[in-house]
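Peer 1: Below you'll find the structure I mean.
The values are calculated or read from the model by the stated rules, or taken from the named source; none is laboratory data. All figures in this text were calculated on a predicted structure; none of them were measured in a lab. Cβ coordinates were reconstructed from backbone atoms using ideal geometry, including for glycine residues, and neighbour counts include every protein chain displayed.
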Amino acid sequence: MSELLDRHRAVMPAWMPVYYGDDALEIVSGRGRHVTDATGRTYLDFFGGVLTTMIGYDVAEISDAVRSQVGTGVAHTSTLYLIRQQVELAEKIARLSGIPDARVFFTNSGTEANESALLMATNVRRSNQILAIKNSYHGRTFGTMAITGHRTWSSSSLSPFTVNWLASADRLRGRMARLSDADLIDAAVDDLREVLATVTAGDVAALIAEPIQGVGGFVAGPDGLLGAYRKVLGEHGILLIADEVQTGWGRTGDHFWGYQAHGVTPDLITFAKGIGNGYALGGVVGSAEVMNAVPAISFSTFGGNPVSAAAGNAVLDYVLDHDLQGNARRVGSILLDGLRALSHGIVGAVRGRGLMIGIEFVRPGTTEPDPAATLRVFDLCREGGLLVGKGGLYGNVLRIGPPLTLTEEEARDGLTVLSDAIATADAEAVF
């Protein structure tokens, strides 16, 4: 493995991280919710390629759909020609979006989807002013970095937008810490009104928000927060963009889209990751009025190509036919209940919904972030045969986002590894 890692480092940029440092992992095969590395060791995957391998590995329905399309010899035609798989997938997404008279534009990734949504919103409003939320992540391109409220991922201070920031709903620290749901919503609305009144020019284009902040460590405001924001936005004609790249397709269990917990319908929804189950696929769905606002010709060369659209159709059909939203709710409750029952000083918070769960680690007796303890638990999980992710503003949150097909037995197996890893790290902690 060191030979491949050396080659990787020789040709890849230094700012592109690899988990596990000098003991980096090469995944060579997968089946169900398990992957196997180059040494032959098998792991239970609780991160799914950053919440992307949403159905799991080696799924016959998806593989068959892709093989069938590849078998035609047509992997690409561009949107200058009709693409049946793309139209069929767009019809399904438009119907499921909850947005009346919806249109769909396909991209290659969540970053590109958010760029596209910003293009549409700024054209509708004839303004480059954007509201974004602290601790957010929306992508790695020039525009999406500008609206990412997470310093670790903001590689440039330059911006095509005038961005004004709203407070994060972090309950552990900051201005919203330990507020009740009702008080947090009131404080957040007051913050929004103050921002609009003091630091904007009055013609803001849109607010972009993740219903649950992904890279930010699965931080989420109380149900109804986006709805409360929307009432204020509506007074000013400001659009709402829901970044559902990580929360979409039933992952939260309680809802198909994260926005549905808030009693609101966005103007635009961006999506990606899980809908392709590993094939590059993302997009935007929104009202025809907003989607048609782009005043010039535009298209995505590879977005929604026949192969990725075939995969997307198979994935979405599988999600609906197997009620994976319901499974996320049932199996996620096993993990959440089990983790919340733990009593260890290094655990500052367990939060999440469905199969989107974060564990935040702190120095015992404080709210001070402890990235070292987080890394220790992270490494111990791998030793125990479990792959998890990391995140959070301070690098102190374990991110759990398994495939939505996770079984109850697998959830309990993973919970055992997590519990043992946390107990070990807690015993090693210096009080």
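Peer 1: If you scan the stretch 164-197, which residues turn out to be farther than 30 Å from ILE359 by Cβ and either touching a residue at least 60 places away in the same chain (Cβ under 8 Å) or not basic (Lys, Arg) (or both)?
Peer 2: Once the filter is applied, which keeps residues that are farther than 30 Å from ILE359 by Cβ and either touching a residue at least 60 places away in the same chain (Cβ under 8 Å) or not basic (Lys, Arg) (or both), the stretch 164-197 yields ASN164, ASP190, GLU194, VAL195, LEU196, ALA197.
Peer 1: Additional query: Of everything in the stretch 15-39 that's closer than 15 Å to GLY278 by Cβ and charged (D, E, K, R), which residue is surrounded by the most Cβ atoms within 10 Å (Cβ to Cβ)?
Peer 2: The selected residue is ARG33.
Peer 1: Report every pair of residues separated by at least 6 positions or lying on different chains whose Cβ atoms are under 6 Å apart, first residue within the stretch 15-28 and over 14 Å from ARG41 (Cα atoms), second part of a loop (DSSP other than H, G, I, E, B) and of a type in the set (A, V, I, L, M).
Peer 2: Close Cβ pairs satisfying both conditions: VAL18/ALA24.
Peer 1: Given the residues ALA242, ALA261, ALA272, ALA228, which is the only one that is closer than 16 Å to GLY352 by Cα, touching a helix residue (DSSP H, G or I) at 6+ places or on another chain (Cβ under 9 Å), at pLDDT 95 or above and of a type in the set (Gly, Ala, Ser)?
Peer 2: Every option except ALA261 fails the conditions.
Peer 1: Looking at the stretch 120-143, which of the residues that are β-branched (Val, Ile, Thr) and buried (at least 24 other Cβ atoms within 10 Å of the Cβ) is farthest from VAL219 (Cα to Cα)?
Peer 2: The extreme case among them is ILE130.
Peer 1: Test LEU320 against the criterion of being crowded, with 22+ Cβ neighbours inside 10 Å and either on the phi < 0 side of the Ramachandran plot or under 23 Å from the mean Cα position of the chain (by Cα) (or both), and give yes or no.
Peer 2: Taking the combined requirement at face value, the residue does not satisfy it.
Peer 1: Check THR200, THR247, THR265, THR270 and return the single one that is touching a residue at least 24 places away in the same chain (Cβ under 8 Å), surrounded by fewer than 24 Cβ atoms within 10 Å (Cβ to Cβ), closer than 20 Å to SER116 by Cα and among the β-branched types (Val, Ile, Thr).
Peer 2: Result: THR265 is the single residue among THR200, THR247, THR265, THR270 that is touching a residue at least 24 places away in the same chain (Cβ under 8 Å), surrounded by fewer than 24 Cβ atoms within 10 Å (Cβ to Cβ), closer than 20 Å to SER116 by Cα and among the β-branched types (Val, Ile, Thr).
Peer 1: If a residue has to be under 26 Å from ARG329 (Cβ atoms) and either free of Cβ contacts under 8 Å to residues at least 60 places away in the same chain or not in a loop (DSSP other than H, G, I, E, B) (or both) to count, how many in the stretch 273-299 make the cut?
Peer 2: Count: 7.
Peer 1: Regarding LEU96, is this residue surrounded by fewer than 16 Cβ atoms within 10 Å (Cβ to Cβ) and over 23 Å from ILE359 (Cβ atoms)?
Peer 2: Considered against the rule, which asks whether it is surrounded by fewer than 16 Cβ atoms within 10 Å (Cβ to Cβ) and over 23 Å from ILE359 (Cβ atoms), LEU96 comes out as no.
Peer 1: Hey, can you tell me all the residues within the stretch 207-227 that are small (Gly, Ala, Ser) and buried (at least 20 other Cβ atoms within 10 Å of the Cβ)?
Peer 2: Passing the criteria: ALA209, GLY214, GLY216, GLY217, ALA220, GLY221.
Peer 1: Next up: Are there any pairs, at least 6 apart or on different chains, whose C-beta atoms fall under 8 Å, with the first in the stretch 77-101 and at positive phi and the second surrounded by fewer than 21 Cβ atoms within 10 Å (Cβ to Cβ) and assigned to a loop (DSSP other than H, G, I, E, B), and if so, which?
Peer 2: Within 8 Å, the pairs are SER78/PHE299; SER78/THR301; GLY98/THR265.
Peer 1: OK, next. Filter the helices (runs of 4 or more DSSP H) completely within the stretch 1-83 down to those with at least 1 residues that are closer than 26 Å to LEU320 by Cα and assigned by TED's automatic domain parsing to the domain that holds SER300.
Peer 2: The qualifying helices (runs of 4 or more DSSP H) are 60-70.
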